[in-house]
Amino acid sequence: MRNAINRVLGWLAQYVPAAVVHASQTLTAAGVFTDTQTVVVGGKTYTTQTTLTDVDGNVFIGADAATTLVNLKAAINLEAGAGTKYAASMTLNANVVATAVTATTLVVKSKVPGAIGNLIASTETQTNASWGAATLAGGTGSLHDDLRTLLATREPGQGAGISQAIIDMIDPQADE
């Protein structure tokens with residue numbers, strides 16, 4: 001089901017007005033990460049470790065902050081490095097994607113565009129790293145409203161049977 005939702009959202013992203021912006025947040029590191037401390041984003045807890053164990057959420061602490069941030073980005077996106085940069089049993093973050101990393105920062109953004117992304121929590125217990133705020137920020141617009149507009153202006157016969165199903169999938173309480 002999640003793959004189907006992601007395909008629909010990917011398709012919609014081609015047609016949704018640019019006014020709908022993804023929320024984002026930056027994690028800034030001031031030094032080496034601390035063993036067994038956490039970074040939480042998108043409802044998923046990442047625990048940094050000096051000795052990596054295979055438990056979903058565990059991320060290997062590198063020799064410096066930059067390496068650990070690269071490892072965290074790889075963990076969030078399930079990039080190359082399973083079993084070395086992060087736990088082999090890591091599961092994909094359902095709500096955010098890591099988009100950029102530097103020697104001292106990691107930027108994440110919400111997978112779904114719009115103000116709804118501003119509700120995604122970003123917290124940590126790290127001694128040497130912190131988020132810019134307790135939630136993602138900067139998300140604007142409403143994918144739900146733009147989807148309604150898009151579906152209302154479609155050509156006759158184009159997806160009429162799925163229009164309400166897609167709206168309900170994205171925002172099941174919209175009509176309550």
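The values are calculated or read from the model by the stated rules, or taken from the named source; none is laboratory data. Quantities reported herein were computed from a predicted structural model and do not represent experimental measurements. Please note: Cβ atoms are built from the backbone with ideal geometry, for glycine as well, and neighbour counts cover all protein chains shown.
Data for the structure
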| quantity | calculated |
| --- | --- |
| Among residues of the range 68-108, those that are in a helix (DSSP H, G or I) and more than 10 Å from the chain's Cα centre (by Cα), counted | 8 |
| Selection from the range 109-118 of residues that are within 20 Å of Tyr46 (Cα to Cα) and either free of Cβ contacts under 8 Å to residues at least 60 places away in the same chain or in a loop (DSSP other than H, G, I, E, B) (or both) | Lys111 |
| Any hit, the range 141-161, residues being assigned to a loop (DSSP other than H, G, I, E, B), β-branched (Val, Ile, Thr) and modelled with pLDDT under 95 | yes |
| Check on Gly81, within 27 Å of Gly31 (Cβ to Cβ) and either modelled with pLDDT under 95 or not β-branched (Val, Ile, Thr) (or both) | yes |
| Test: Asn71 is crowded, with 21+ Cβ neighbours inside 10 Å and among the polar types (S, T, N, Q) | yes |
| Hits in the range 54-68 (condition: of a type in the set (Phe, Trp, Tyr) and surrounded by fewer than 16 Cβ atoms within 10 Å (Cβ to Cβ)) | none |
| Top-ranked residue of the range 42-53 - restricted to ones that are surrounded by 18 or more Cβ atoms within 10 Å (Cβ to Cβ) and of a type in the set (Val, Ile, Thr), ranked as farthest from Lys111 (Cα to Cα) | Thr48 |
| Complete set of residues in the range 78-106 that are within 20 Å of Gly43 (Cα to Cα) and surrounded by 17 or more Cβ atoms within 10 Å (Cβ to Cβ) | Tyr86, Ala87, Met90, Asn93, Asn95, Val96, Val97, Ala98, Leu106 |
| Total residues in the range 19-41, condition under 20 Å from Gly139 (Cβ atoms) and exposed (fewer than 15 other Cβ atoms within 10 Å of the Cβ) | 1 |
